[in-house]
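Just below is one structure, and these are the notes that go with it.
The values are calculated or read from the model by the stated rules, or taken from the named source; none is laboratory data. Predicted, not measured: the structure shown is a model, and the values here were computed from it. Reconstructed Cβ throughout: ideal geometry from the backbone, glycine too, with neighbour counts over all protein chains shown. Calculation scope for accessible area: heavy atoms of the full protein, side chains included, ligands and nucleic acids excluded. Shrake-Rupley method; radii C 1.70, N 1.55, O 1.52, S 1.80 Å.
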Amino acid sequence: MKHEALSCFPVFAVLGILAAPANASEMREVGKVDGWSIVHDPAGEGACYAKGTFGKETALTFGMVASNAGWIAVVSNPALGQIQAGADYEIRYVFGTKYVWSEKAIGTPDGLRSEGIGEEFVDDFARASSMKLVYQGKTIDSFKVTGNRDAVAALNQCYVTFMHGATRYVPSEPTEARQ
């Protein structure tokens, strides 16, 4: 994974793990946030996903799986051409004009799946207002995105709710220390 920072902004920590859907038939929608559908898949790894379609037929899926500690993303677009399942690829995510991420990807029936994405990537994604995808040296799509920060927050809420059995995350109140 290669990150080329064109500008320096503080990075905030984001709880969670991102993944691609294992079995779409098990998924159920748990919310909508600014063009993103938030879905929960209780099967297999147990996961929460943010799914959206942008630009020229680009389908993006970001998710959080409980079984491993890595973020992943799945990109699908007809401009990718024929993708061989299991083959190795590389895709570049350009967030705004400030951050460029080169990610290794694996071909799947759903598109290109990048695994083990770091929290810094998710942080850059959350603050982005536009996105460009570059594959094999060519821009396959460029588009505006909205609600990314809210989608990441909704993924975190989904994770807390479904992976930890909580009904809703409520931060604890400070109490007086006992001596």
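For Ser130, list long-range residues whose amide hydrogen, built 1.01 Å from N in the peptide plane, is under 5 Å from its own amide hydrogen. Long-range HN contacts for Ser130: Gly96, Val145. Using the empirical formula 2.2 N^0.38 Å as the baseline, the Cα radius of gyration of the range 49-117 reaches a ratio of 1.09. With unit charges on the beta carbon (Lys/Arg positive, Asp/Glu negative), name the residue among Phe121, Pro109, Thr139 whose Cα is farthest towards the positive pole of the charge dipole of the range 87-160. Sorting the options by dipole projection puts first Thr139.
Compare Thr61, Thr53 by solvent-accessible area with a 1.4 Å probe and give them largest first, with all protein chains kept in place. Display every interim value, and only then the final one.
Details: Thr61 15, Thr53 105 Å².
Reading off the accessible areas and sorting them downward yields Thr53, Thr61.
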